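The values are calculated or read from the model by the stated rules, or taken from the named source; none is laboratory data. Source: prediction; values computed, not measured. Every residue, glycine among them, receives a Cβ derived from its backbone with ideal geometry; neighbour counts consider all protein chains shown. The protein model used for the area step is the full one, side chains on, heavy atoms only, and it has no ligands, DNA or RNA in it. Shrake-Rupley method; radii C 1.70, N 1.55, O 1.52, S 1.80 Å.
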Amino acid sequence: MTHEAAGVPTTRNDDDRQDHDRQHEQPGRPADAHAETAPAGAPAAGAAGSRTDEAGAASPGTAEAGAGEAGGAGGGTAGGAGGGSAEQARPEARLAHAVRVAEQALIEFEIAVETFRVEVENFSRLHHQRLGPMYARLDELDAQIAEARAARTGDPEDLRKAQEARAIVMPMPGVDELFHDWMDSDGLSPEASAMLTEQPVRPPKRVRPTEEARKLYRELARKAHPDLAQDEEERARRDEFITRVNAAYGRGDEPLLKELAQEWAAGPAAPEAELGEADELYARLNWLTQRKELLTVLAQELEQSAIGAMLRMAPDDPDHLLEEIADQLLGEVSQRETELAGLVQ
């Protein structure tokens, strides 16, 4: 989540809520408003994102694939046929319900995007930590092989290639290299933040946190979502809490997530959201649409990145992918060492 917050309190699971919606909603203007103004994509992405996340794969692209299904469910709840009370028949009541459906779906999409973002950043960090020395060893062997070949042949072209290979081994650092382990998509990396705040440095041990950690994270994210706060003081409290939840989840710190769950349960009860009349509701739907569009851009950037593409190669077990790459690099190192031994004899 780009603002380090995700989640919403729920009173029933999504499937039960949609079944309840289909039974009690009435036809009227809010159905059209929801379909045109608020985002068929936001409900869709969120609902589908939740299902894929529960199944194990966190890619938000899969969440986007369910747009038609969830969008239809959201619009249908606002405009479906059936009997109901006079209060339910009021256009504002139906519109308020459509807003709640869109909020829930958007939050589910945020959870899917955040879990995938954590996997991308963890994979990148662990890839650098575990495989960086192997890549460095390969670069050094390539330089030695090129230099040995140039020394044997004296060919100007071989000499040029040797110089280029050696330059790769000892480059002048640029900004990206200098800040490689200090910056991530949200600013300072967890390791850098820990150092600056005198906290223990605890890098992630896995690309994907354990299933129990993921379950705890999803529950906390839904309950403590700052966007559902009723005032600025409550929003600030939720923002601070969700920041700690996201940091613990990024490290896969299951014990800390359990402590945070107990802390939230012991805290003040969140007041029931009171949605205003038509103008305020339409403004809320417009905001949800814009928020969903921003999340969609973030999801696409994550999936189209080099690390995101690598994760798509092993969606069920990204941690095992690191082991496979390490085995492949070890084989390449062995081949280079054999080739170098043949040149220096």
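Numbers below:
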| quantity | calculated |
| --- | --- |
| For residue 246: the one exception among (1) within 30 Å of residue 92 (Cβ to Cβ); (2) among the polar types (S, T, N, Q); (3) surrounded by 15 or more Cβ atoms within 10 Å (Cβ to Cβ); (4) at pLDDT 90 or above | (1) |
| Meets criteria (open to solvent by less than 10 Å² (accessible area, probe 1.4 Å) and under 23 Å from residue 292 (Cα atoms)) for residue 110 | yes |
| Entirely in the range 251-345, the helices (runs of 4 or more DSSP H) that have 3 or more residues that are out of contact with any Phe, Trp or Tyr (no Cβ under 7 Å at 6 or more places or on another chain) and open to solvent by less than 30 Å² (accessible area, probe 1.4 Å) | 278-304, 318-344 |
| Residues located in the range 221-236, provided they are in a helix (DSSP H, G or I) and touching a residue at least 24 places away in the same chain (Cβ under 8 Å) | 221, 222, 223, 226, 227, 228, 234 |
| Residue satisfying all of: in the range 208-243; aliphatic (A, V, I, L, M) and surrounded by 20 or more Cβ atoms within 10 Å (Cβ to Cβ); nearest to the chain's Cα centre (by Cα) among these | 221 |
| Within the range 133-201, helices (runs of 4 or more DSSP H) holding 1 or more residues that are at pLDDT 60 or above, out of contact with any Phe, Trp or Tyr (no Cβ under 6 Å at 6 or more places or on another chain) and open to solvent by 90 Å² or more (accessible area, probe 1.4 Å) | 156-169 |
| Near pairs, Cβ below 6 angstrom, 6+ apart or cross-chain, from the range 290-317 (closer than 16 Å to residue 118 by Cβ and among the β-branched types (Val, Ile, Thr)) to any residue that is assigned to a helix (DSSP H, G or I) and open to solvent by less than 80 Å² (accessible area, probe 1.4 Å) | 307/120; 307/123; 307/124 |
